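Visitor: Mind having a look at this structure? Questions to follow.
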Amino acid sequence: MRSTNPRPWPVAPLGELLQRPPRYGINAAAIPAKAGAHTYLRITDVNKFGQFAPRPKVGVRHPNAADFLLKPGELVFARTGASVGKSYLYNTQDGELVYASFFINIAPNPDLLDPRFLALFAQTQTYWDWVTRTSVRSSRPGINGCEYAQLLIPLPEIQDQRIIVKTATDISKLIDSLAGLLAKKLAIKQGIMQQLLSGKIRLPGYHRKWHRRTLGDLGTFLKGHGITRDQVQMSGVSCIRYGEIYTTYRDYTSTAVSKISHSLAETTLPIENGDLLFASSGETRDEIGKCVAYTGSEQAVAGSDIAVFRGSGFNSVYLACLANTPAIARQKAQLSHGNTIVHLSSHALATIEMKLASPQEQDAIAAVILDAGTEIELLRRRLAKAKAIKQGILQELLPGRRLATLSDSPQQKNS
């Protein structure tokens with residue numbers, strides 16, 4: 001991104017950039033959405049991305065409701081409560097909206113301030129730092145219209161504002177496109193896994209009958225040792241903790257995100273390439289016993305509440321994915337015990353039954369899963385990069401340290 005304006009832009013109070021002073025919304029009760037009633041916009045109807053996302057849509061009927069209809073180019077800002085600072089730029093595709101009293105209506109002068117530029121500024125850390133400082137004046141957070149009018153806005157020339165908006169819009173479209181493609185690929189992978197792991201679809205060349213086995217037939221269980229959150233550090237020996245099986249890993253992993261000291265690692269259970277790690281504690285029966293295959297080569301250890309399964313004659317990626325299918329999850333749920341904290345013993349895990357393909361077919365199925373996973377991981381990285389670029393736009397362009405040009409737009413670079 002080319003820097004054509006290294007100097008910070010001037011700033012101006014928001015109140016000097018408006019067509020009129022800020023206005024408060026209507027104080028009226030919401031009613032069920034029905035014919036003849038205006039659609040009501042409340043703070044809870046705006047999501048964290050600044051979009052109109054009601055659950056469900058509600059209406060409002062009041063003699064003065066038409067006076068509070070949002071117009072193109074207007075924004076509303078939440079003035080009180082936990083959502084103070086949240087904003088919404090009116091989109092005509094959302095239909096006619098009457099804004100509630102917990103909103104303040106801001107109408108920028110389009111010759112001085114592009115409403116879309118103001119909406120972008122309202123996503124920056126600079127803006128949210130101001131919200132935090134300004135809203136803490138009482139036990140109930142709040143920012144009134146006069147205070148919003150004093151908000152300092154970076155003010156490049158109007159044509160530069162439009163260039164920045166265009167750049168941010170391009171990267172947002174790219175993010176939406178990548179997110180949609182990622183969701184589609186994930187759904188396809190999930191469908192393929194369910195079909196292949198259940199035997200409903202067979203890969204070409206494989207016709208041998210599948211056989212029912214228990215986990216206990218294939219290997220033995222070992223128990224991980226305690227690693228507390230306080231013992232995790234920035235460097236050292238890789239470790240996997242049971243909570244991370246639920247929150248960080250999917251069906252398989254070649255790396256471990258946490259580290260512990262070498263001295264602590266000597267007291268824990270080493271894990272090997274091909275081991276399956278089952279979370280033996282959890283909060284619900286639906287997720288108890290989630291499994292991750294360790295496919296890495298680096299030294300790693302297992303924490304407590306992890307049942308480490310070690311055996312032979314199976315493909316670890318295949319078996320881990322199979323162990324996480326709904327049919328096997330139901331077995332794990334039935335074998336678990338406990339209420340507040342649910343437990344699943346190694347003895348119970350050893351009794352789980354599953355129909356297994358031949359080792360050769362397992363390898364072929366695992367290869368399909370791994371190929372799909374590689375494609376998905378590349379998409380995840382592209383999406384993360386696109387989001388980082390957008391964050392850079394928000395944090396660097398808006399305060400005035402850089403200026404994007406249309407020829408530098410991320411969408412054109414990725415086209």
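The values are calculated or read from the model by the stated rules, or taken from the named source; none is laboratory data. Note that this is a predicted model, so its numbers are computed, not measured. Neighbour counts run over all protein chains shown; Cβ positions are idealised from the backbone, glycine included.
Visitor: Given the criteria of a type outside the set (Val, Ile, Thr) and either within 13 Å of Tyr40 (Cα to Cα) or not assigned by TED's automatic domain parsing to the domain that holds Asn47 (or both), does Ala78 qualify? Spell out the reasoning first.
Guide: Working: of a type outside the set (Val, Ile, Thr): yes; either within 13 Å of Tyr40 (Cα to Cα) or not assigned by TED's automatic domain parsing to the domain that holds Asn47 (or both): no.
Considered against the rule, which asks whether it is of a type outside the set (Val, Ile, Thr) and either within 13 Å of Tyr40 (Cα to Cα) or not assigned by TED's automatic domain parsing to the domain that holds Asn47 (or both), Ala78 comes out as no.
Visitor: Please verify whether Ala183 is of a type in the set (Gly, Ala, Ser) and assigned by TED's automatic domain parsing to the domain that holds Phe103, treating the condition exactly as stated.
Guide: Values: of a type in the set (Gly, Ala, Ser): yes; assigned by TED's automatic domain parsing to the domain that holds Phe103: no.
For Ala183, the condition - of a type in the set (Gly, Ala, Ser) and assigned by TED's automatic domain parsing to the domain that holds Phe103 - is not met.
Visitor: Please determine whether any residue of the stretch 389-404 is at pLDDT 95 or above, buried (at least 17 other Cβ atoms within 10 Å of the Cβ) and within 19 Å of the chain's Cα centre (by Cα). Working first, answer last.
Guide: Taking the stretch 389-404 and keeping what is at pLDDT 95 or above, we get none.
There is no residue in the stretch 389-404 that is at pLDDT 95 or above, buried (at least 17 other Cβ atoms within 10 Å of the Cβ) and within 19 Å of the chain's Cα centre (by Cα).
Visitor: Which of the residues belonging to the stretch 227-243 are surrounded by fewer than 20 Cβ atoms within 10 Å (Cβ to Cβ) and either in a helix (DSSP H, G or I) or in contact (Cβ under 8 Å) with a residue 40 or more places away in the chain (or both)? Spell out the reasoning first.
Guide: Narrowing the stretch 227-243 to residues surrounded by fewer than 20 Cβ atoms within 10 Å (Cβ to Cβ): 228-236, 238, 243.
Result: Arg229, Asp230, Gln231, Ser238, Gly243.
For (1) in a helix (DSSP H, G or I); (2) within 30 Å of Pro359 (Cβ to Cβ); (3) under 23 Å from the mean Cα position of the chain (by Cα); (4) in contact (Cβ under 8 Å) with a residue 40 or more places away in the chain, each residue gets a yes or a no:
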residue: Lys185; (1), (2), (3), (4): yes, yes, yes, yes
residue: Lys189; (1), (2), (3), (4): yes, yes, yes, yes
residue: Ile192; (1), (2), (3), (4): yes, yes, no, yes
residue: Lys200; (1), (2), (3), (4): no, yes, no, no
residue: Tyr206; (1), (2), (3), (4): no, yes, no, yes
residue: Phe221; (1), (2), (3), (4): no, yes, no, yes
residue: His225; (1), (2), (3), (4): no, no, no, yes
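Visitor: Answer yes or no as to whether Ile376 is touching a residue at least 60 places away in the same chain (Cβ under 8 Å), of a type in the set (A, V, I, L, M, F, W, C) and in contact with an Asp or Glu (Cβ under 9 Å, 6 or more places away or on another chain). Full working, then the answer.
Guide: Numbers: touching a residue at least 60 places away in the same chain (Cβ under 8 Å): yes; of a type in the set (A, V, I, L, M, F, W, C): yes; in contact with an Asp or Glu (Cβ under 9 Å, 6 or more places away or on another chain): no.
When the stated conditions are applied, Ile376 does not pass them.
Visitor: Can we say Leu118 is surrounded by 20 or more Cβ atoms within 10 Å (Cβ to Cβ), not aromatic (Phe, Trp, Tyr) and not in a helix (DSSP H, G or I)?
Guide: On the way: surrounded by 20 or more Cβ atoms within 10 Å (Cβ to Cβ): yes; not aromatic (Phe, Trp, Tyr): yes; not in a helix (DSSP H, G or I): no.
No; evaluated as a whole, the condition is false for this residue.
Visitor: While we're looking at this one, here's another question. Kindly establish whether Phe103 is touching a helix residue (DSSP H, G or I) at 6+ places or on another chain (Cβ under 8 Å), among the aromatic types (Phe, Trp, Tyr), farther than 21 Å from Thr167 by Cα and at pLDDT 90 or above. Walk me through how you get there before you give the answer.
Guide: Details: touching a helix residue (DSSP H, G or I) at 6+ places or on another chain (Cβ under 8 Å): yes; among the aromatic types (Phe, Trp, Tyr): yes; farther than 21 Å from Thr167 by Cα: yes; at pLDDT 90 or above: yes.
So Phe103 fits the description; yes.
Visitor: Name every residue in the stretch 254-263 that is closer than 23 Å to Leu186 by Cα and touching a strand residue (DSSP E or B) at 6+ places or on another chain (Cβ under 6 Å), in order of residue number.
Guide: Ala256
Visitor: Also, quick follow-up: Mind telling me which of the residues Leu196, Leu182 ends up being surrounded by 15 or more Cβ atoms within 10 Å (Cβ to Cβ) and over 30 Å from Phe121 (Cα atoms)? I'd like the intermediate steps shown before the answer.
Guide: On the way: Leu182 fails: over 30 Å from Phe121 (Cα atoms).
Only one candidate qualifies: Leu196.
Visitor: Of all helices (runs of 4 or more DSSP H) completely enclosed by the stretch 306-362, which ones contain at least 2 residues that are in contact (Cβ under 8 Å) with a residue 60 or more places away in the chain, more than 18 Å from His211 (Cβ to Cβ) and of a type outside the set (D, E, K, R)?
Guide: Details: elements: 316-323, 326-335, 346-350.
Helices (runs of 4 or more DSSP H) meeting the threshold: 316-323, 346-350.
Visitor: So Trp128 clears everything in (1) at pLDDT below 95; (2) surrounded by 16 or more Cβ atoms within 10 Å (Cβ to Cβ); (3) under 27 Å from the mean Cα position of the chain (by Cα) except one condition, right? Which one?
Guide: Going through (1) at pLDDT below 95; (2) surrounded by 16 or more Cβ atoms within 10 Å (Cβ to Cβ); (3) under 27 Å from the mean Cα position of the chain (by Cα) one by one, Trp128 breaks only (2).
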